[in-house]
1. Determine if region 132-147 includes at least one residue that is over 30 Å from residue 260 (Cβ atoms) and part of a loop (DSSP other than H, G, I, E, B).
2. If you scan region 250-278, which residues turn out to be loosely packed, with under 15 Cβ neighbours inside 10 Å and assigned to a helix (DSSP H, G or I)?
3. Of the residues 102, 120, 112, 96, which single one is at pLDDT below 95, surrounded by fewer than 21 Cβ atoms within 10 Å (Cβ to Cβ) and at positive phi?
4. Pairs please, first residue from region 206-235 and within 20 Å of residue 327 (Cα to Cα), second anywhere and loosely packed, with under 14 Cβ neighbours inside 10 Å and modelled with pLDDT under 90, Cβ atoms under 6 Å, 6+ apart in sequence or on different chains.
5. Could you grab me the full set of residues in region 181-202 that are at pLDDT below 90 and surrounded by 16 or more Cβ atoms within 10 Å (Cβ to Cβ)?
6. Any residue at all in region 87-94 that's in a loop (DSSP other than H, G, I, E, B), in contact (Cβ under 8 Å) with a residue 40 or more places away in the chain and outside the structural domain of residue 244 (by TED's automatic domain parsing)?
7. Can you name every residue in region 274-301 that is more than 30 Å from residue 318 (Cβ to Cβ) and in contact with a strand residue (DSSP E or B) (Cβ under 8 Å, 6 or more places away or on another chain)?
């Protein structure tokens with residue numbers, strides 16, 4: 001262990017104070033569990049604060065509530081980034097949740113019949129640990145970005161705030177997901193915009209017959225189809241979907257579409273079809289990578305992905321929450337993470353290390369799919 005001082009012990013430590021950590025914290029508090037939530041950021045809702053200024057959720061407010069606290073306002077509207085920040089900021093004080101900010105966890109290790117959680121200046125002991133750091137941890141930028149010239153302004157989508165963030169002139173947005181389409185559309189009002197799409201995603205309308213698309217997903221039960229169900233497996237294969245955006249809509253805004261961006265030299269970017277484009281700015285809407293290298297517990301497959309059964313790992317008392325398709329399509333969404341939170345809180349309350357049985361650790365992608 002590094003030069004840290006063991007300052008306190010808890011029954012449960014939750015690592016991550018975002019929506020997943022707050023959701024399970026609500027249930028732990030109701031149970032009277034001795035716990036704390038450690039968050040690396042200096043202020044609440046840090047991940048949402050890093051989104052662009054004009055962002056709106058593609059789920060209506062009626063589907064954006066954490067347990068015990070309704071999202072305020074008209075349930076049929078689509079909340080802004082700042083409204084989500086305000087909601088999450090108010091959530092912990094509402095239930096007196098013990099959130100410790102400026103508390104970046106450097107390591108989680110097994111210690112006797114529990115765990116030691118190491119920070120830079122201190123360490124905690126806990127019988128149980130919940131990893132609630134979510135799927136959007138490390139911004140990913142492809143290697144070709146290294147060959148973009150210094151005279152081109154480039155940034156990951158987490159650094160983009162508004163059109164003022166980007167220089168005048170031709171801009172390329174790289175990434176064909178919801179983020180890429182939304183940023184490209186906003187920029188198209190003030191400059192020439194091109195959008196590079198590596199893989200096509202199925203577009204879905206925001207509303208059908210006057211109802212939000214998630215009303216149908218909720219009413220039909222599709223949003224809660226599990227990873228083990230036949231429909232759930234089909235949905236996972238088609239996980240990448242555009243909601244409210246589409247290539248047709250983008251073209252209507254004057255955005256020129258390209259295939260995958262495969263190379264760059266100076267201010268020129270080349271695409272998979274051989275075409276090239278000279279640009280003044282590049283926005284990498286290329287997603288995130290999960291980093292669990294700081295968890296020194298053997299619960300990962302050969303590709304570094306956590307192996308679990310609805311968040312319960314093979315290590316007694318170690319759990320994950322807020323992962324993409326942790327159990328259902330809604331597992332990583334603001335309004336549905338509460339389902340997994342309630343389930344894991346029950347596991348925490350019933351935890352008995354001497355009586356627990358856990359799924360065997362998988363060592364391949366196929367074994368992982370069987371395990372979850």
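The values are calculated or read from the model by the stated rules, or taken from the named source; none is laboratory data. Source: prediction; values computed, not measured. FYI the Cβ positions are ideal-geometry reconstructions off the backbone, even for glycines, and counts take in every protein chain you see.
1. Yes, that holds for at least one residue.
2. 251, 252
3. 112
4. Partner pairs satisfying both residue conditions: 225/231.
5. Selection gives 198, 201.
6. No, every residue in region 87-94 fails to be in a loop (DSSP other than H, G, I, E, B), in contact (Cβ under 8 Å) with a residue 40 or more places away in the chain and outside the structural domain of residue 244 (by TED's automatic domain parsing).
7. Hits for region 274-301 are 275, 276, 277, 278, 279, 280, 281, 282, 283, 284, 285, 286.
For (1) over 29 Å from residue 186 (Cα atoms); (2) assigned to a helix (DSSP H, G or I); (3) modelled with pLDDT under 95, each residue gets a yes or a no:
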site	(1), (2), (3)
27	yes, yes, no
42	yes, no, no
51	no, no, yes
59	no, no, yes
